[in-house]
Amino acid sequence: MVGATLVVALNRMQKKLNNMSWRKLTENEIAVLTAQFCRCDDWSQIHVVEGFNPNFVCNSNFSGEVFIGLFEKEITFFGGVKKHSGIFNATIHNCNIGNNVYIGQIRNYIANYNIADDVVIENVDLLAVDGVSSFGNGTLVSVLNETGGRELPIYDHLSAHLAYILALYRHRPMVIDKLTAMINDYVQSVSSEKGTVGKNARLTNCRTLRNLRIGDYARLDGIYRVTNGTINSNEAAPTYFGPGVIAENFIASTGSEVTQGAVVFDSFIGQGCLLGKQYSAENSLFFANCQGMHGEACAIFAGPFTVTHHKSTLLIAGYFSFLNAGSGSNQSNHMYKLGPIHQGIVERGSKTTSDSYILWPAKIGPFTLVMGRHYKHSDTSSLPFSYLIESGDDSVLVPGANLRSVGTVRDAQKWPQRDKRKDPHKLDHINYNLLSPFTIHRMIQALDILQMLKKISGATSDFYSYQSAKIKPSSLESGLKLYTMAIDKFLGNSIIKRLENRHFENDEAIRERLRPDIPTGTGEWLDLAGLIAPKSAIEQLLTNIETGAITSLETIAQTFEVLHQNYYTYEWTWAIEQLQKRIGKTIAEMTAADVIALVETWKKSVVELDQFLYDDAKKEFSLNAKIGFGIDGGENARNLDFEQVRGEFEQNAFVGEILEHIRRKTALGDELISRLTPVLEGN
């Protein structure tokens, strides 16, 4: 498996050691080494290969059993400086050293390590393993609840989806027990008295490195102290640990970067993550492409693309995914009563503005903008794409408002562009879709909720109360309209995609194509930290774990991958079920006229939603937006300065894409209607 880098590297290295022809040092080689100020209590414990050159081993001490390879290459360092491979000014104890390794200026010692070919270790205080270590695997991370109860063991190949189940499915104790046992078996399989430094890794200017496994092509530079961890890395996705880092009890995945004084304890760092600029993290999980700078995380589950860049931002005791945390964002999880026992859920795609605050427990629905301070434990999970705004002491909810925000669409476009993962083997399977059965199901629920509020409270109410939040009548009506358009847009997208590039002779041919390929997909859908899948499929996976039908972590990972690959097949099963409910007909009753009507509704919704986005984008070019431009000039200077910096509205790339999207989607709908019209006329 690509990505199982350290286990593969360890096995590869051990096999190489077993197959190599080792010999003891000759008397002449011992004499050369002694003359070069090398020392060893028992030279018979030093093993070398044929072609070993003692001239490249100077001023070094050896103890225990040591295996040394060839020194045939020069190595180029920063600035173009070249040094020949060899061992210089070092103490080596009980190590296996591959070919063309450079070890120099080791102030304390290197002990109990397998060091692969072409490794550089220079100016390091200590690199050692003491006793049997699992190198961070099996570390219990007390995520979400600082006092315990949701702690889970991390390991090299932990995915966001498996962690989601381990952390949040405590109502399935047998599942948790069996998953924990599988992980414990893996922990035992990688435990060793020897650490590993993978091929082409470079460790320079570091102080204390204890009980580490370091993958191929990893770069460690200027580290202060790193203990009991694994730094997974490979040639496709090198991992970097930089200056001033302190880390303990951790797993870092391929392509991640921890640097600039970051402090990390009891945490998992996913593929493509960046933690830097004095960021502090404890008992937290960071999955693919998360970024943490300046601020602090404690007991958080950070699903893919959770981003926080500000010194005053604290994320604590919460589940987040695709989050953009504003400066000063904060949560509180103890209420000054029984301690830090509360937790919160902020579902995918949400944003918090500067100085926002949420008192846990609370649950924030997908793609929600949180503005201001909120103390009343709101649950907005059934009203996605909303604004949650502070007004006095109240939390005011604006349902569906984010559907007309150009920022929401821009986020959805930028996430895949900012995927930093280079490893061909992806641990996390990420679905970037804004509209999916997961979010559309919530919108269908939202329509029922808003209609119920309107019916119970009456159309003349000053506001409607829902889950400790207030909704204005105008916001309720707007929400009904926006959710309806978004549902129509999604269902129209689905049916157009299903019928594309096909010609139909009659209604029966259309019906045949409309029938789902498989039954999986009906009912509720879940977002498992990036993986969007039918709840029934996840329930089946959990049942298979409970019954013993699935007994390995590899099979679970393969199941997640299959669910991700089959997303659009499952999506159609869900969409056609909803379409039948929407028009009040079964597939067997549908006609070309029904499909054409759906497409016409879809066209209207797409154009109207895009017009909202267009109008929202235009605000960025309004007079108010130009305040601060043309600092020492009049209105003309201000306009010219603004255009030089921001460009003209009509020339903006995103604005152009909105207009092109309207044209393209309209043409797509018209093309399908033209293909179905002959069937309609023939009926």
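Just so it is clear, none of the values below were taken in a lab; they were calculated from the coordinates. Computed from a prediction, not measured in an experiment: that's the story for all the values here. Here the Cβ is made from the backbone with ideal geometry for all residues, glycine too, and neighbour counts use every protein chain on show.
Assorted remarks:
- Compactness of the stretch 122-173, taken as the C-alpha radius of gyration over 2.2 N^0.38 Å, stands at 1.56.
- Longest site-free stretch - the chain; sites: GluC sites (Glu not before Pro), DSSP loop, at most 16 other Cβ within 10 Å: 236-499
- Only helices enter the 222 nm calculation for the chain: every DSSP H run of n ≥ 4 contributes -39,500 (n - 2.57), and dividing by all residues gives -11500 deg cm²/dmol, rounded to 500.
- Checking every one of the trypsin sites (Lys or Arg not before Pro) in the stretch 577-683 against DSSP loop status and a limit of 13 other Cβ atoms within 10 Å picks out Lys585.
- If the convex hull is drawn through the Cα atoms of the stretch 57-96, its volume per residue in Å³: 74
- Added length on full extension, which subtracts the Cα-Cα distance from 0.36 nm per residue, Trp22 to Asp185: 55.3 nm
- From least to most packed, judged by other beta carbons within 10 angstrom and beginning with the fewest, Val264, Val143 follow the order Val264, Val143.
- For the stretch 593-682, the equivalent ellipsoid built from the Cα gyration tensor has semi-axes of 43, 11, 6 Å, listed from largest to smallest.
- Looking at the stretch 1-128, the pairs of alpha carbons with a distance over 17 Å make up 57% of the total.
- The alpha-carbon of Lys454 sits under 29 angstrom from the alpha-carbons of these lysines, leaving out residues fewer than 8 places away in its chain: Lys351, Lys363, Lys376, Lys470, Lys472, Lys481, Lys489, Lys581, Lys585, Lys603, Lys604.
- Taking the fewest neighbouring Cβ atoms within 10 Å as the starting point, the ordered list for Met371, Met443, Met20 is Met20, Met371, Met443.
- Each Cα pair under 8 Å and six or more residues apart adds its sequence gap; the mean of these over the residue count of the stretch 423-589 is a relative contact order of 29 percent.
- Pairs of Cα atoms nearer than 8 Å and 6+ residues apart set the relative contact order; for the chain it is 8 percent.
- Relative exposure of Asp527, Asp462, Asp355, Asp156, judged by other C-beta atoms within 10 Å (fewest first): Asp462, Asp355, Asp527, Asp156
- Taking the C-alpha atoms of the chain, convex hull volume expressed per residue in Å³: 208
- For a straight C-alpha distance cut-off of 23 angstrom, the lysines reachable from Lys426 (same-chain residues fewer than eight places away being disregarded) are Lys199, Lys414, Lys535.
- Annotation: amide H-H contacts under 5 Å for Ile87 (H modelled 1.01 Å from N, sequence separation of 5 or more, or interchain): Val57, Cys58, Ile103.
- Rounded if a/c under 1.5, otherwise prolate or oblate - the stretch 423-589, Cα gyration tensor axes: oblate
- Share antiparallel - DSSP beta bridges, the chain, percent rounded to 5: 15
- Hydrodynamic radius by Kirkwood, which averages 1/r over all alpha carbon pairs of the stretch 118-252, in angstrom: 15.7
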